[in-house]
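Here the structure comes first, spelled out in structure tokens, and everything after it is commentary.
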Amino acid sequence: MNYDEKLIAELVEKEKFDHYELIQEGYGGTINLKLTKNNVDYFAKIFKPRASRSGELSKRAVDIEHIKKTLEIYKECDIKTLEHRFDGSLDNGLATYMVYNWILGENAENVIDRHIEHAGEIGYVIGSELAKLREYTNYNKEDFKTINIEEDLKTIYTRYLETMKSSNYQCEMPRYFTQIEVGKMFEHLGEAQHYFNINDAHLIHGDATPLNVIINADGYFLVDCEEPTIGYGVYEIKQAINWFLIAGKKEYIKEYFRGLYNGDYPENFQEQIKYIIIRGFLSYLHYIFLEREYQPQFINYYFSNMRKIIDDLENISQYLAGVETKKIKI
């Protein structure tokens, strides 16, 4: 029995569940479960402890009470989400868990894949729901992390320097982008502080991709709401935006932004979109070359498509920002 299985077994025994089903290992060190007790289904998220390089475990900085307050904010905003049922700790306090109601439905990404013609409509509804959070102001800013553009770029650049040492990177990258081009991308990001006004910052979900939206007959439910931050609308889809462009789902992104801002976009919005596309590309390099198994076919697919996106960045950003433009290439 590995460590994850021990945590699951402890939770099942502690809360007297009759059955469990592992949904997926979540990002950021979580375990997601479907649990059943007395014929009632629940959704649970276990926050695993952090492991140091020496292998020693320490408690993950997850504030359960803060999560509960966040769920209250969603309720005040009339945004449908999971309902907290109970919570607790595991492994002598090193791990924590939250148990919610189970929502029967389908994530929005699957719905879009089956009905691509409705991608824009779905994007607009999700954006409109998140607009309620954007307009909410009855909160203490000190209770939430604020995205610092400068620190964000420092992290991306540091990780890029690590990536450059990879032999796979040195072999593959020059086939698609020159070092001069990458340098210009970083220069472009370096100007980002001019594109974002801290006065425009607002509460964001933090990862409002379609995977984190469940659709059923009762409406749209935003899930994975544990870590909202103060930031900017483009950061909601900071990784997903490029994959949606690659998959031909640009209507989803355009309509998502239209719903989020009700057509009243922030100043320099087109530049913000350029920034988040380039940021997503550069930050993803570390994952491709250092964190996942080397897969040449995947690299060719991803880089070939990103080459098209970067080459047509002006038109793409105009289109997504609601500016009339010629037909884009992707």
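Between Gln295, Met306, Tyr252, the Cα set farthest toward the positive side of the dipole of segment 248-330 (charges on each charged residue's Cβ, about the Cα centre) is that of Gln295. Its convex hull of Cα atoms gives the chain a direction-averaged projected area, equal to a quarter of the hull surface, of 18.4 nm². Listed by chain and number, the lysines whose C-alpha is less than 30 Å from the C-alpha of Lys14, apart from same-chain residues fewer than 8 away, are Lys6, Lys34, Lys37, Lys45, Lys48, Lys59, Lys68, Lys69, Lys75, Lys80. Note on segment 123-237: Lys pairs 8 or more places apart or on different chains, Cα atoms under 18 Å apart, count 4.
Bear in mind that the values in this text are calculations on the coordinates, not laboratory data. The structure displayed is predicted, hence computed values, not measured ones. Methodologically, a virtual Cβ is constructed for each residue, glycine included, from the backbone with ideal geometry; neighbour enumeration extends over all protein chains shown.
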